[in-house]
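> The structure follows.
The values are calculated or read from the model by the stated rules, or taken from the named source; none is laboratory data. Everything numeric here is computed off the predicted structure, so don't read it as measured data. Methodologically, a virtual Cβ is constructed for each residue, glycine included, from the backbone with ideal geometry; neighbour enumeration extends over all protein chains shown. Just the protein is used for accessible areas: all its heavy atoms, side chains included, with ligands, DNA and RNA removed. Shrake-Rupley method; radii C 1.70, N 1.55, O 1.52, S 1.80 Å.
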Amino acid sequence: MHYKNLKLGTKQTLGFGLILFIMASLNFFSIHKMREIQNEIDEVTSNWLPRISAISEINLHTSNLYVHQLQHAIAIDEVVKREQQAEMIALIDKINANIDAYDSLRAESEKKTLYASREQRLYLHFDEKWEQYLDLSFEFIELSSANKRQAAIELLNSQGQRVYKLLSNDLEGMVHVNRDESSKAAKRAETAFLSTRKVITSLFILTIIFSAIITMIFIRYITVPVKELEQAAKKVTTGDLSVRLAINSKDEIGNMAASFNLMTKALAEARDQMEDQASQLKSQQLVLQATNEELQGKSRHLEQQKEEIQQKNRHLQNTLKELHATQQQLLMKEKMASLGDLVAGVAHEINNPLGVIQSSADVCERCIQNIEQNGRDGEQTVPLETVTRLLRRNIDVTFAASKRIRLIVDSLKNFARLDEADFQVVDIHAGIESALTLLTREMQGRLTVIKKFVAPPEIGCYPALLNQVFLALIKNAIQAMHDRGTLTICTAQQDDRILISFTDDGKGISPEKLQHIFDFGFSAGDGKRIKLGTGLATAYDTVQKHGGEIRVSSEEGEGTTVEIQLPLSR
Amino acid sequence: MKKYIYMIFLLFNLAVPLFAQVTVIAHRDVPVEKIKKSQLLDFYIGDIKKWPDGTAVVVFDLKEKKAVKKIFYKYLGKTSSRMKSIWMKNMLAGEGAPPKAMKTEKQMLLEVASTPGAIGFIGQTFVDNSVKVLKTIPLKK
């Protein structure tokens, strides 16, 4: 994998890791080398030098021993001899101590295998000569103690000196060996030091070079791209969105550059889009303005229309008022017409008995003339009994006629209830009867009326209004039945309500007409007679006023039933 | 260096069948049957000069540089030169002459057998009934 494709952290770790590694190895190497040098120096100071000093001491003390032995041989005085002997003892102790010291050092260096074989040979030789010298010394001391001075001195000078020379040579040789070895050690230490210094210096230089290279790489791969990014970002802030960064690596900076490129691209796109949208918005705004103006125009138009409508409305209201007035007038006219009819009927009804009364009065006149003529002439043309019988019959007829008139007048009075316009308890059956009486002429004996009055007759109502309803309903029924038919009037109680039904077996009403039966101005008539239908509409109003219901059921050709429900008490 | 040590070992191993082990011998009349290393050293460096029964201790040395001598002194922890230096000191201090050095092990045997209170050392092969064996020095590897 190429270095530039590594992550930033990895790059740093690699770079610093390399430097660290070099530094660490440098340290490790120097410590190791230092220890080597230290060991060499230690060897020299703790072994070679003490050994040399021990050997030198031995050499010195043996030579002293030789001198003291000579002095011992020369000495005449016993005291001096003993002094010399004490000196010799001290010297032997010193020699032994130095030999011990040497031995322990030798053992140490033997352990480290630093003991030179040449030195070992020399030492073994020395030991032998030293023993030999001691053997000679035994002889010498014996001779010297026995005051055989000449023999003692001779022994010392000949054999003693020879052995001593050999011994001393060995020691000197050992010193040389040691000196050589220690100087070699020193040289080794120096060489090690020099080579170490060389290595350390070169490694140090290498570290500096590596550091410089890594820094340069960092600058190349981190600092430069970051700076480029910064400049690009500055350009972007000034609005230049065409800036693109070169992607040279796959690390975070490379990713950042890629992200930056994407961002600027997205920004540019977003800006273009926004500009597009802005221009669109502007055009839309223009359209909107136009629409708005149009709307305002329309609004003005609407206002005008509204005013017109209001005017029309007012006009309509006026018309409605007029209509109402007209309706009222019509209602009035209708009422007047009904009244006319009623009055005509009533007049007719009264006229008949009145005619009867007139004719009977005429008969009575003639009867009375007859009677008077009989009295004057005395001539009895007609027997008196016959005349009186005729008179009596005529009186009966007159009574009957007048009774009939009275009934009609009573019915009229009862029907109109002119004196009892307010709410009161009345007999509804009497009301129905009155209506029937008033309509006798209309029926002219061609219709049969069946009355089934079951309900308690007295209810609280407005009698004048209710009677009008009855009259209208009966009248309708009569009109529905042209020549023959049966009108059945039933009253019944159902819970707290009274049911009054008027059933005819006339021509009936078609379902389409049934829908409009309670409309003002409806007429079931066949057009032969011009008549404004106000009856049922008024009946509806009146029944509503009483808190009741009115229903009409009809089948064409079968007949019609009008049913009124009224509350029993209010 | 190690080479030498191995060679010495080899020599010893060869010498063992020749000299067998080194034995410490004494005159038959000495009042001990066994002797400790420290006592033996004391006898040889002259710190103790008498046996428990008062008989004077007479130690003998070997003159020749023989393996037996080397093993014996090594066992005592001294070199022959060091022993001699100690005897020298004793002599100078007036504490008597150094032990007599025998030329051969045979002579040592004869001297020890014939000298009352004598103590010496020879190879095991030379030992006979004329002397008392106080110790056999174990061979150390």
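> With the dipole of chain A worked out from charges on the C-beta (+1 for Lys and Arg, -1 for Asp and Glu) around the Cα centre, which of A:267, A:500, A:291 lies farthest toward the positive end?
Of the candidates, A:291 comes out farthest on the positive side.
> Once each part is reduced to its C-alpha centroid, what is the distance from segment A:327-384 to segment B:106-134 in angstrom?
Answer, in whole Å: 215.
> At a Förster distance of 60 Å, what's the computed FRET efficiency of residue B:63 paired with residue A:195, Cβ-Cβ distance as r, to 0.05?
Step by step, r from the Cβ atoms, then E = 0.60.
> Express in % the proportion of alpha carbon pairs of segment A:3-223 at distances exceeding 33 Å. All intermediate terms of the calculation are to be shown ahead of the outcome.
Details: 11515 of 24310 pairs.
Every Cα pair in segment A:3-223 considered, those over 33 Å come to 47 percent.
> I've got another one for you. How high is the FRET efficiency between residue B:28 and residue A:39 when r is their beta carbon distance and R₀ equals 45 Å, given to the nearest 0.05?
After rounding to 0.05, the efficiency reads 0.15.
> For residue A:116 and residue A:151, calculate 0.36 nm times their separation in residues minus their Cα-Cα distance, and state this gained length in nm to one decimal.
Between residue A:116 and residue A:151, full extension yields an extra 8.5 nm.
> For segment A:277-320, what is the convex hull (Cα atoms) projected area averaged across all directions, in square nanometres?
3.3
> Please name whichever of A:65, A:105, A:115 sits farthest to the positive end of the charge dipole of segment A:53-117, dipole taken about the Cα centre and charges placed at Cβ: Lys and Arg +1, Asp and Glu -1.
Towards the positive end, the residue furthest out is A:115.
> Over chain A, what is the mean sequence separation of C-alpha contacts under 8 Å (at least six apart), divided by residue count, expressed as relative contact order in percent?
After rounding, I find 10 percent.
> For segment A:248-334, what is the accessible area per residue in Å² when the probe is 1.4 Å?
With the other protein chains kept in place, segment A:248-334 gives 84 Å² per residue.
> Roughly how many debye, to the nearest 20, is the charge dipole of segment A:329-386 about its Cα centre, given +1 on each Lys and Arg Cβ, -1 on each Asp and Glu Cβ, and no other charges? If you can, show how the numbers build up before the last one.
Values: 4 positive and 9 negative charges, 77 e Å.
Charge dipole, segment A:329-386, about its Cα centre: 380 debye, nearest 20.
> For segment A:421-570, state the semi-axes of the equivalent ellipsoid (square roots of 5 times the eigenvalues of the alpha-carbon gyration tensor), sorted largest first and rounded to whole angstrom.
Square roots of five times the eigenvalues give 24, 17, 15 Å.
> Let me ask something else about it. Under a plain spin-label model, where a point goes 7 Å from the Cα along Cα-to-Cβ, how far apart in nm are residue A:179 and residue A:402?
About 20.5 nm, to one decimal.
> I would also like to ask the following. Please give the FRET efficiency for residue B:133 paired with residue B:97, using the beta carbon to beta carbon distance and R0 = 35 Å, rounded to the nearest 0.05.
For residue B:133 and residue B:97, the calculated efficiency is 0.85.
> Please compute the length gained on full extension between residue A:79 and residue A:551, using 0.36 nm multiplied by the number of residues separating them and subtracting their Cα-Cα distance.
So the chain would gain 151.6 nm between residue A:79 and residue A:551.
> For the protein assembly as shown, with only Lys/Arg (+1) and Asp/Glu (-1) charged at the beta-carbon, what is the dipole magnitude about the Cα centre, in debye rounded to 20?
Roughly 5400 debye for the protein assembly as shown.
> Continuing with this model, one more query. Kirkwood hydrodynamic radius, segment B:2-136, all distinct C-alpha pairs: what's the number in Å?
Answer for segment B:2-136: a Kirkwood hydrodynamic radius of 15.3 Å.
> Please calculate the 1.4 Å probe accessible area of residue A:336, with all protein chains present, and give it to the nearest 10 Å².
Counting only protein heavy atoms, residue A:336 exposes about 120 Å² to solvent.
> What percent of all Cα-Cα pairs in segment B:22-98 falls into each 5 Å bin, going from 0 up to the bin containing the maximum distance?
Pair shares across the bins are 3, 14, 26, 26, 19, 11, 1.
> Here is a follow-up. Step through the table entries A:129/B:37; A:129/B:69; B:49/B:84; A:94/B:103; A:335/A:452; B:50/B:70, compare each Cα-Cα distance with 21 Å, and write down the pairs that go over it.
A:129/B:37; A:94/B:103; A:335/A:452; B:50/B:70
> Where nothing but the Cβ of Lys and Arg (+1) and of Asp and Glu (-1) is charged, how large is the charge dipole of segment A:421-570 around its Cα centre, in debye to the nearest 20?
420
> Could you compute how much accessible area chains B and A hide from each other, both sides summed, with a 1.4 Å probe? Nearest 100 Å² is fine.
It comes to approximately 1800 Å² buried between B and A.
> Right, here's the next one. Among the lysines, which fall within straight-line cross-link reach of residue A:198, defined as a Cα-Cα distance under 23 Å, with same-chain neighbours fewer than 8 residues apart omitted?
Qualifying lysines at Cα under 23 Å: A:33, A:184, A:187.
> If you look at just the Cα atoms of segment A:302-405, how large are its Rg and its Dmax in Å?
Rg, Dmax (Cα atoms, Å): 32.0, 107.
> Tell me the carbon and sulfur percent of the accessible area for chain A, rounded to whole percent, probe radius 1.4 Å.
57
> Could you give me the radius of gyration and the Dmax of the protein assembly as shown, taking only the C-alpha atoms into account and expressing both in angstrom?
For the protein assembly as shown, the Cα-based Rg and Dmax read 87.2, 264 Å.
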